[in-house]
Amino acid sequence: MYSQGLKDAEGQLEPAELMAEFQARIDREEKIEPRDWMPEAYRKTLIRQMSQHAHSEIVGQLPEGNWITRAPSLKRKMILLAKVQDEAGHGLYIYSATETLGVTRDQLTDELLTGKAKYSSIFNYPTPSWADIGAVGWLVDGAAIMNQVPLCRSSYGPYARSMIRICKEESFHQRQGYEIMTVLARGTAAQKDMAQRALNRFWWPALMMFGPSDKDSKHSEQSMKWKIKRFTNDELRQKFIDATVPQAEHLGLTIPDPELRWNEETGQYDHGEINWQEFIDVIKGNGPCNKERLQARINAHEEGEWVREAAEVYQQKQNQEEAA
Amino acid sequence: MSEMKLYEVFIRAKSGLNHRHVGSLHASDPQMALLNARDVYTRRKEGVSIWVVEAEQITASNPAQEHEWFDPAEDKVYRHPTFYPLDKEVENM
Ligand SMILES: [Fe+2]
Ligand SMILES: [Fe+2]
């Protein structure tokens, strides 16, 4: 019932008037709900952004899932399982919110599995050591929180509501990661070194999570006007840097950026140039793990086929029994 | 294979409160919808009771008719107690 848009406006207003009224609602901070009239471009932008977000939650399970069987203690294993399960839940909340815009789950799954859809570039990096699980929780979930907190006020109701639910769950993710890093940083020299290497691996890719710099971001301006987004990519990236640098210092770890320094005048950190070529390469499918990640999703889907079939047959049998 | 049915999920946070819409999910039958709803929407004790309803069973009002439908209630101020002035001396009303 949620999935149909109301494109046949019975009020016979001109689209320009509808557009103006729509913008006025946004400016009044009214939420847009699934069956409300909305510009096609608004719908398309949301479908693109929300489905990418949902795919990221789902693919994001893989780098951490890599360590579930090898977590160093039962406690860590239970924590990691709970976190990865949360990410599956996040994916489902956002998929169902995306479906209110008139796409089907099958379409969304298909776009991911055929490689048509994008997901966050960060999940194409490997997690070779246990410390990477710490770095992922601290930095990747930390960056996700920066991004998601303002999305709780996004103009599209179902997206905003799913973000509120997700944000409640995220802070445990970041804290458990930082705790892993804390234990390692205060451990033996070899353990501290392991933590430092993980920070070195994930720092720059974490900064890239906020997307291209504002001058190259083609979607930003309209998304801000429609209040789908509340801050630009660069603003969020800067907030993340300012919040994270003292956390690294607290652990005696070094941010791998020789140009990083506190700027008294601006009251924030100046940082070195991001390697945008690397970002583009990873987005285009040439990151260290792109193929592996996609293959893992395809396998999971194909190996689950018999379960879906069995569920359908079971349902048909139940219907027959009811009819008899 | 066709897509599994869409169910809307409603959760009662604790006894004494109404069930509230929290989102939706796909399932092949109502029992599976309930189990999935428990796993997806109540991992942190968010509820003590769950309802699932097939989305296509819901009939919804049309947002384009919002004004025709709901504005008539606006000018019926006499439905509210504040419409009736009361002498200061009258108490307990
Ligand atoms: Fe998440
Ligand atoms: Fe997370």
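The values are calculated or read from the model by the stated rules, or taken from the named source; none is laboratory data. None of these values were measured; they are calculated from a predicted model. All Cβ positions, even for glycine, are placed from backbone atoms using ideal geometry, and neighbour counts span all protein chains on display. Only protein heavy atoms, including side chains, enter the accessible area calculation; ligands, DNA and RNA are left aside. Shrake-Rupley method; radii C 1.70, N 1.55, O 1.52, S 1.80 Å.
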Taking only Cα atoms, what is the 0 to 90° angle, nearest 10, from helix B:30-41's long axis to the longest principal axis of chain B? 70 degrees
What net charge do the residues around A:Gly285 carry, taking every other residue with its C-beta under 11 Å from that of A:Gly285, with Lys and Arg at +1 and Asp and Glu at -1? +3
How big is the antiparallel share of DSSP beta bridges in the protein assembly as shown, given as a percent to the nearest 5? 95 percent
What part of the accessible area of the stretch B:5-83, given as a whole %, is carbon or sulfur when the probe is 1.4 angstrom? 54 percent
Geometric extent, Cα atoms of the stretch A:60-107 - Rg, Dmax (angstrom): 14.3, 45
Ordering A:Val245, A:Val183, B:Val53 by the accessible surface of their heavy atoms, 1.4 Å probe, largest first, yields A:Val183, B:Val53, A:Val245
Using a 10 Å cut-off around each Cβ of peptide B:52-65, what is the average number of partner chain Cβ atoms that fall inside? 3
Calculate the spin-label point distance for A:Lys225 paired with B:Arg38, positioning each point 7 Å from the Cα along the beta-carbon direction, and give it in nanometres. 5.0 nm
Shielded residues, the stretch A:287-314 - accessible-area loss of 40 Å² or more between chain alone and all protein chains, probe 1.4 Å: A:Arg308, A:Ala311, A:Glu312
Any chance you could run the full-extension gain for A:Asn263 through A:His250? It's 0.36 nm times the residue separation minus the Cα-Cα distance, nm to one decimal. 2.8 nm
Directionally averaged shadow of chain A, computed from the convex hull of its alpha-carbon atoms, nm²: 21.0 nm²
Expressed as a percent, the accessible surface of chain A that is carbon or sulfur, using a 1.4 Å probe and the full set of protein chains, is 54 percent
Buried on assembly, the stretch B:19-51 (at least 30 Å² less accessible surface than by itself, 1.4 Å probe): B:Ser24, B:His26, B:Ser28, B:Asp29, B:Val40, B:Tyr41, B:Arg43, B:Arg44
Interface B:A - total buried accessible surface [probe 1.4 Å, Å², rounded to 100]: 2300 Å²
Would you tally the net charge around A:Lys215, using a Cβ to Cβ cut-off of less than 12 Å, leaving A:Lys215 out, and scoring K and R as +1, D and E as -1? -3
What is the local net charge at A:Arg76, summed over the other residues whose Cβ is closer than 14 Å to its Cβ (Lys, Arg +1; Asp, Glu -1)? +2
Could you tell me the distance between the Cα centroids of the stretch A:74-111 and the stretch A:185-241, to the nearest Å? 22 Å
Name the residue, out of A:Gly272, A:Gly137, A:Gly65, whose mean-square fluctuation peaks in a Gaussian network model built on chain A with Cα pairs under 10 Å. A:Gly272
Dipole axis of chain A (+1 Lys, Arg; -1 Asp, Glu on Cβ), positive-most option in A:Met163, A:Gln176, A:Trp276: A:Gln176
Quarter of Cα convex hull surface for the stretch B:5-83, i.e. mean projection, nm²: 7.8 nm²
FRET E, pair A:Asp106, B:Tyr84, Förster distance 60 Å, beta-carbon r, rounded to 0.05: 0.55
How much area per residue is accessible in the stretch B:5-83 when the probe is 1.4 Å and only protein heavy atoms are counted (Å²)? 68 Å²
With unit charges on the beta carbon (Lys/Arg positive, Asp/Glu negative), name the residue among A:Ala248, A:Trp130, A:Trp37 whose Cα is farthest towards the positive pole of the charge dipole of the protein assembly as shown. A:Trp130
